[in-house]
1. Looking at region 92-122 only, could you name the residues that are part of a loop (DSSP other than H, G, I, E, B) and either touching a helix residue (DSSP H, G or I) at 6+ places or on another chain (Cβ under 8 Å) or free of Cβ contacts under 8 Å to residues at least 24 places away in the same chain (or both)?
2. Do we have LEU72 as at pLDDT below 95 and hydrophobic (A, V, I, L, M, F, W, C) here?
3. Within region 78-114, work out how many residues are out of contact with any strand residue (DSSP E or B) (no Cβ under 6 Å at 6 or more places or on another chain) and not aliphatic (A, V, I, L, M).
4. When GLY67 is evaluated against the numbered criteria (1) among the small types (Gly, Ala, Ser); (2) within 14 Å of ASN219 (Cβ to Cβ); (3) in contact with a Phe, Trp or Tyr (Cβ under 8 Å, 6 or more places away or on another chain), which criterion, by number, is the only one it fails?
5. Every residue in region 170-212 that is assigned to a strand (DSSP E or B) and either surrounded by 12 or more Cβ atoms within 10 Å (Cβ to Cβ) or more than 17 Å from the chain's Cα centre (by Cα) (or both), please.
6. Which members of region 68-91 meet the condition of being in contact (Cβ under 8 Å) with a residue 24 or more places away in the chain, among the β-branched types (Val, Ile, Thr) and either assigned to a helix (DSSP H, G or I) or surrounded by 16 or more Cβ atoms within 10 Å (Cβ to Cβ) (or both)?
7. Condition first: within 14 Å of PHE172 (Cα to Cα) and not small (Gly, Ala, Ser). Now tell me which residues in region 111-129 satisfy that.
8. State whether the residues of region 154-162 include one that is touching a strand residue (DSSP E or B) at 6+ places or on another chain (Cβ under 9 Å), part of a loop (DSSP other than H, G, I, E, B) and without any contact (Cβ under 8 Å) to a residue 24 or more places away in the chain.
Amino acid sequence: MYSYVGFWTIPRAQWGEMAKNDVADQKILDKAMANGTIVGYGNDLNLVHQLDGPTHDNWWSATSMAGLLNVLDQFYKSGNATSPVLASATKHWDNITVSRHYNWHSGSWKDLYTHGSSYKLKSSAPDDAIETLSKDMLVPLLEKQLADGTIHEYEIDTEAIHTDAPGTFWIFYLAANAEGLDKVSAAVRDALKASPLNGSAFSSMSDSSEHRDYLVRTNATYK
């Protein structure tokens, strides 16, 4: 699964206009979802602001790079990409990621919470480190949370177009409610207690000093 994410730093006085812009984008995204070009889309409002960091992001996901770029082309041709509120952004950047480990519930949700964590592999980590950590530790834990209804979606991402040095990966999950954040945290603690070797393996492959978290309010739709 490929995802295109546009990050924006929008002045606070324009946040209401950004919400209107998200609604205007939905026509293009709903059409792309209906014809199978994309499998999901949404937008996020950052809840933990950092100096010069993003306040908002918009994203869509597809099973091919072509699907991502075809939708991007539609935004450019429609003029949505140059709307006044986007032009007011003090900073803007994009990421294109790829995930080989992901799953979701079909449906649409508003004002839920997405938790993201970024990690950097150590230079000594094996080439299949992300694959190993995903299959042995991360996916089983997240699949259980998905089955329980604690989360509605998860993905483990790396960059498909490298704008940063290789080795960074992200773990995202969309919690069904605020309590879901606590439930996932508790599940992680319980999993590490039950299998301490998993924690040791994760620590041996990743540089803890590079770890960062991201918490946003999310509107999302998945096919």
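1. Just the residues of region 92-122 that are part of a loop (DSSP other than H, G, I, E, B), to begin with: 105-106, 122.
Scanning region 92-122 gives HIS105, LYS122.
2. Working: at pLDDT below 95: no; hydrophobic (A, V, I, L, M, F, W, C): yes.
Here the answer is no, as LEU72 does not meet what is asked.
3. Residues of region 78-114 out of contact with any strand residue (DSSP E or B) (no Cβ under 6 Å at 6 or more places or on another chain): 78-88, 100, 103, 107.
Add one more test, that the residue is not aliphatic (A, V, I, L, M), and what stays is 78-80, 82-84, 88, 100, 103, 107.
Number of matching residues: 10.
4. Condition not satisfied by GLY67: (2).
5. Filtering region 170-212 for residues assigned to a strand (DSSP E or B) gives 170-175, 206-212.
Scanning region 170-212 gives TRP170, ILE171, PHE172, TYR173, LEU174, ALA175, SER206, ASP207, SER208, SER209, GLU210, ARG212.
6. VAL71, VAL85
7. Restricting attention to region 111-129, the residues satisfying the condition of being within 14 Å of PHE172 (Cα to Cα) are 112-119.
The answer is LEU112, TYR113, THR114, HIS115, TYR119.
8. Of all residues in region 154-162, those touching a strand residue (DSSP E or B) at 6+ places or on another chain (Cβ under 9 Å) come to 154-161.
When the remaining residues are screened for being part of a loop (DSSP other than H, G, I, E, B), the result is 160-161.
Then keep just the ones that are without any contact (Cβ under 8 Å) to a residue 24 or more places away in the chain; that gives none.
No, because not a single residue in region 154-162 is touching a strand residue (DSSP E or B) at 6+ places or on another chain (Cβ under 9 Å), part of a loop (DSSP other than H, G, I, E, B) and without any contact (Cβ under 8 Å) to a residue 24 or more places away in the chain.
The values are calculated or read from the model by the stated rules, or taken from the named source; none is laboratory data. The shown structure was predicted, so the numbers you read here are calculated from the model rather than taken from an experiment. Every residue, glycine as well, gets a Cβ built from its backbone with ideal geometry; the counts of neighbours run over all protein chains shown.
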